[in-house]
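**Q** The structure follows.
The values are calculated or read from the model by the stated rules, or taken from the named source; none is laboratory data. Source: prediction; values computed, not measured. A quick note on method: Cβ atoms are made from the backbone with ideal geometry, for glycine too, and the neighbour counts reach across all protein chains shown. To get the accessible areas, we keep the full protein, side chains included, count just its heavy atoms, and leave off ligands, DNA and RNA. Shrake-Rupley method; radii C 1.70, N 1.55, O 1.52, S 1.80 Å.
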Amino acid sequence: MNFKSRLNEYNYPVISFILKFGIRDNTPEIEIRFIKILNVSIFFFILYSLGCIVLGIQQGDYFLAWFQFPCLLALSVAILLAYFQFHATSITLVLTILILAFSVQQYYYGGDAKLHMWLFLPIMGTCLAYPPRCSKLAFIMGSIALLTITGVEYLDIPQKVVSPMLDNSQGKANNIFALGLALFGVAFVSRSLLLSAEEALREQREISERLLNNILPVSIAQRLKNEEGTIADNFESCSVLFCDIVGFTELSEKLSATELVQMLNYLFTHFDDLCKKYKVEKIKTIGDAYMVVAGIPEPMDNHALVLCNFAQDMIQEVENIKKEKNYPIDIRVGIHSGPVVAGVIGKSKFSYDLWGDTVNTAARMESHGLAGRIQISDATRKIVEDQISCEARGNINVKGKGVMETYLIE
């Protein structure tokens, strides 16, 4: 597992404590990454101050050692501010400490010390630690840090105090190394947090796309993501299927809510698998009704045949489920072929739906059908008569359509 994953998953208690310090359940998601960077910056600054105390005492540079105590006191205040979620104030205090501390030390030790180079930290920190709502404050503090480092360099302060740690090339190299290490540490943690955030965003985008593709056909979902306007298409030829559970109202009165939902979910999940097998498009479920179309949104020359075969498998699937689960169910299936209009409606909850006489006729084929049988219209029968065996049911009076000649698939 790489460092980024460890950092993100909090496998280490110390790292977890530092990163999550001051973060609450109500902390805005957009600010969490910036708070973590603030916490890491405070942690590095505390380590630096403690290191300066130890080295200052060892090397006899007591100014350096004693100067760290007010810095640590101010950092303690910043920690309290962060704990009570005054993050912007805490960031500003930390940056102010950095600017003042290294400006004062540079003035005390003189130009050759190059301690003012540490002001690159607050310049970088203003961009990394302030949340988006504090952009103006970030610009102000970054400008102050930039003007300070530029001003100190312009003044060209002469060497005043010879520090045991800064009066030789090794000491100056150590100072540059410590600065580089601090910059690298903050930048690397920032990079790790940014990559983690991007990975989380990518995962959420994939989840959203999967959900959208579950709601809409893939090609329609892609058009919607491309910010296409109203999605509406005319299809001259397709086949529409409706399936309904016989006696569902009476059945629902005998089963508990959990049993009823479990039965529908089990049944419709198997139908969904058949949709994938035959590459037909499930449009929606309405109560106990299941609606499918073939030839939309991708044209299909043999849409009627495919949907008839699909329906036969639906009947067989129900028989298997009745034996396996002992569900007392039967279904009616109706199919009709013809032109439809298809499109996406809705704003917050999208729905891909079909309209036209073909849809209404397919619904009537189902509602006027027989239990355990597939009823098709004459229009569908003419398309599949050479490939599917049908028996004439005769003329039936179809609500809203009048007398129609229908057929049952054998």
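**Q** If you check LEU307, LEU241, which single one turns out to be part of a strand (DSSP E or B) and more than 33 Å from the chain's Cα centre (by Cα)?
**A** Working: LEU307 fails: part of a strand (DSSP E or B).
None of the others qualify; the one that does is LEU241.
**Q** Another one. Out of the residues in segment 376-410 that are polar (S, T, N, Q) and loosely packed, with under 15 Cβ neighbours inside 10 Å, state the one that is farthest from CYS308 (Cα to Cα).
**A** By that ranking, first place goes to ASN397.
**Q** Is it the case, given these coordinates, that ILE15 is modelled with pLDDT under 85, farther than 24 Å from ASN175 by Cβ and in contact with a Pro (Cβ under 9 Å, 6 or more places away or on another chain)? If you could, list the steps in order and put the result at the bottom.
**A** Values: modelled with pLDDT under 85: yes; farther than 24 Å from ASN175 by Cβ: yes; in contact with a Pro (Cβ under 9 Å, 6 or more places away or on another chain): no.
Spelling it out, it is not the case that ILE15 is modelled with pLDDT under 85, farther than 24 Å from ASN175 by Cβ and in contact with a Pro (Cβ under 9 Å, 6 or more places away or on another chain).
**Q** Tell me, please, whether a residue that is surrounded by 15 or more Cβ atoms within 10 Å (Cβ to Cβ), part of a loop (DSSP other than H, G, I, E, B) and in contact (Cβ under 8 Å) with a residue 60 or more places away in the chain can be found in segment 130-152.
**A** Here is the first cut: in segment 130-152, the residues surrounded by 15 or more Cβ atoms within 10 Å (Cβ to Cβ) are 130-131, 134, 137-138, 141-142, 144-146, 148-149, 152.
Then keep just the ones that are part of a loop (DSSP other than H, G, I, E, B); that gives 130-131.
Checking which are in contact (Cβ under 8 Å) with a residue 60 or more places away in the chain leaves us with 130-131.
Yes: one or more hits.
**Q** Residues to consider are ILE286, ILE345; find the one that is aliphatic (A, V, I, L, M), under 27 Å from SER252 (Cα atoms) and open to solvent by 30 Å² or more (accessible area, probe 1.4 Å).
**A** Residue meeting the stated conditions: ILE286.
**Q** I would also like to ask the following. Are any of the residues in segment 225-236 part of a helix (DSSP H, G or I) and surrounded by 14 or more Cβ atoms within 10 Å (Cβ to Cβ)? Explain how you work it out, then say what you get.
**A** So the first thing to find is which residues in segment 225-236 are part of a helix (DSSP H, G or I), and the list is 225.
Filter once more, so that each one left must be surrounded by 14 or more Cβ atoms within 10 Å (Cβ to Cβ): none.
So far as segment 225-236 goes, no, none of its residues is part of a helix (DSSP H, G or I) and surrounded by 14 or more Cβ atoms within 10 Å (Cβ to Cβ).
**Q** It is to be established whether one or more residues within segment 90-107 are more than 30 Å from ALA200 (Cβ to Cβ), of a type in the set (Phe, Trp, Tyr) and in a helix (DSSP H, G or I).
**A** Within segment 90-107, one or more residues are more than 30 Å from ALA200 (Cβ to Cβ), of a type in the set (Phe, Trp, Tyr) and in a helix (DSSP H, G or I).
**Q** So, one more: Say whether the condition of being of a type outside the set (A, V, I, L, M, F, W, C), farther than 26 Å from PHE268 by Cα and within 18 Å of the chain's Cα centre (by Cα) is met by at least one residue in segment 172-192. Don't jump to the end; show me each part of the working.
**A** Filtering segment 172-192 for residues of a type outside the set (A, V, I, L, M, F, W, C) gives 172, 174-175, 180, 185, 190-192.
After this cut, where a residue has to be farther than 26 Å from PHE268 by Cα as well, the list is 172, 174-175, 180, 185, 190-192.
Checking which are within 18 Å of the chain's Cα centre (by Cα) leaves us with none.
Within segment 172-192, none of the residues are of a type outside the set (A, V, I, L, M, F, W, C), farther than 26 Å from PHE268 by Cα and within 18 Å of the chain's Cα centre (by Cα).
**Q** Further question: What pairs can you find where one residue is in segment 55-80 and at pLDDT below 90 and open to solvent by less than 50 Å² (accessible area, probe 1.4 Å), the other is in a loop (DSSP other than H, G, I, E, B) and not hydrophobic (A, V, I, L, M, F, W, C), and their Cβ atoms are less than 8 Å apart, with a gap of 6+ or different chains?
**A** GLY60/PRO164; ASP61/SER163; ASP61/PRO164; LEU64/SER163
**Q** Go through segment 24-54 and report how many residues are open to solvent by 40 Å² or more (accessible area, probe 1.4 Å) and not in a helix (DSSP H, G or I).
**A** So the answer is 4.
**Q** Could you check, for segment 316-327, whether at least one of its residues is open to solvent by 70 Å² or more (accessible area, probe 1.4 Å), within 21 Å of GLU366 (Cα to Cα) and assigned to a helix (DSSP H, G or I)?
**A** Looking for residues that are open to solvent by 70 Å² or more (accessible area, probe 1.4 Å), within 21 Å of GLU366 (Cα to Cα) and assigned to a helix (DSSP H, G or I), one finds at least one in segment 316-327, hence yes.
**Q** Checking the structure you have, find out if any residue of segment 182-189 is surrounded by 12 or more Cβ atoms within 10 Å (Cβ to Cβ), in contact with a strand residue (DSSP E or B) (Cβ under 9 Å, 6 or more places away or on another chain), of a type in the set (Val, Ile, Thr) and at pLDDT below 85.
**A** There is no residue in segment 182-189 that is surrounded by 12 or more Cβ atoms within 10 Å (Cβ to Cβ), in contact with a strand residue (DSSP E or B) (Cβ under 9 Å, 6 or more places away or on another chain), of a type in the set (Val, Ile, Thr) and at pLDDT below 85.
**Q** While we're on this one: When both residues are 6+ apart or on different chains and their Cβ atoms are under 6 Å apart, which pairs have a first residue that lies in segment 236-264 and is in contact (Cβ under 8 Å) with a residue 40 or more places away in the chain and under 28 Å from HIS336 (Cβ atoms), and a second that is open to solvent by less than 40 Å² (accessible area, probe 1.4 Å) and aromatic (Phe, Trp, Tyr)?
**A** Pairs found: CYS243/TYR290.
**Q** Let me ask another. Kindly establish whether GLY394 is over 27 Å from GLU298 (Cα atoms), among the small types (Gly, Ala, Ser) and not in a strand (DSSP E or B).
**A** When the stated conditions are applied, GLY394 does not pass them.
**Q** What are the pairs with Cβ atoms under 7 angstrom where one residue, in segment 22-34, is more than 16 Å from PRO132 (Cα to Cα) and the other, located anywhere, is open to solvent by less than 100 Å² (accessible area, probe 1.4 Å) and part of a loop (DSSP other than H, G, I, E, B)? Sequence gap at least six, or different chains.
**A** Once the first residue is more than 16 Å from PRO132 (Cα to Cα) and sits in segment 22-34, its partners that are open to solvent by less than 100 Å² (accessible area, probe 1.4 Å) and part of a loop (DSSP other than H, G, I, E, B) give GLY22/GLN85; ARG24/GLN85.
**Q** When segment 327-359 is examined, which residues are found to be farther than 23 Å from HIS303 by Cβ and in contact (Cβ under 8 Å) with a residue 40 or more places away in the chain?
**A** TYR327, PRO328, ILE329, ASP330, PHE350
**Q** A further question follows. Within segment 352-363, can one find any residue that is touching a Ser or Thr at 6+ places or on another chain (Cβ under 9 Å) and either farther than 18 Å from ILE245 by Cα or among the polar types (S, T, N, Q) (or both)?
**A** yes
**Q** Here is a further query. Regarding VAL261, is this residue open to solvent by 90 Å² or more (accessible area, probe 1.4 Å) and either over 25 Å from the mean Cα position of the chain (by Cα) or under 16 Å from ASP353 (Cα atoms) (or both)?
**A** Judged against the criteria, VAL261 is a match.
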